[in-house]
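Structure record follows, encoded as structure tokens.
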Amino acid sequence: MKVDTKGHTITIKDTESSIEDFLIKVTTQYNSFKSHNLILDISHDKTVETSTIKQFDELSKKHKKSKKSFVLVAANIDFNAVPTAILVVPSLLEAHDIIEMEEIERDLGF
């Protein structure tokens, strides 16, 4: 797991052997990330499917409840099949753009 902090955002890149192991590690260390916007980058794993993405649902809801952004970066998935509670984008640049937009919305009171 590689962690990179940039302003109010923490990007965590998956370096684990499986997505499940990565999710467990992020969940157990969640308290150190909870006050930042989170980008979880699982794009290196080209075998990620919608069912794998759904495993992040609980963590996503928990993080958004604290008024922080939660974005997954994944490649080669059907973005239309992903639950609306989980925000998934194909690149890190798009993840940062989404977080900027959500920050502006929160500043405006939306």
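Structure data summary
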| item | result |
| --- | --- |
| Selection within segment 5-61 - loosely packed, with under 15 Cβ neighbours inside 10 Å and of a type in the set (A, V, I, L, M, F, W, C) | I24 |
| First in segment 66-87 and farther than 16 Å from T11 by Cβ and among the polar types (S, T, N, Q), second anywhere and modelled with pLDDT under 90 and not in a strand (DSSP E or B), Cβ under 6 Å, 6 or more apart | N76/K46 |
| Residue tally, condition of a type in the set (F, W, Y) and under 20 Å from K54 (Cβ atoms), over segment 74-110 | 1 |
| Residues that are charged (D, E, K, R), assigned to a loop (DSSP other than H, G, I, E, B) and either farther than 16 Å from V71 by Cβ or touching a residue at least 40 places away in the same chain (Cβ under 8 Å) (or both), drawn from segment 5-29 | E16 |
| Hits in segment 32-65 (condition: touching a Ser or Thr at 6+ places or on another chain (Cβ under 7 Å) and touching a residue at least 40 places away in the same chain (Cβ under 8 Å)) | N37, I39, D41 |
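The values are calculated or read from the model by the stated rules, or taken from the named source; none is laboratory data. Just so it is clear, the model here is predicted, and its values are computed rather than measured. Virtual Cβ from ideal backbone geometry, glycine too; neighbours counted across all protein chains shown.
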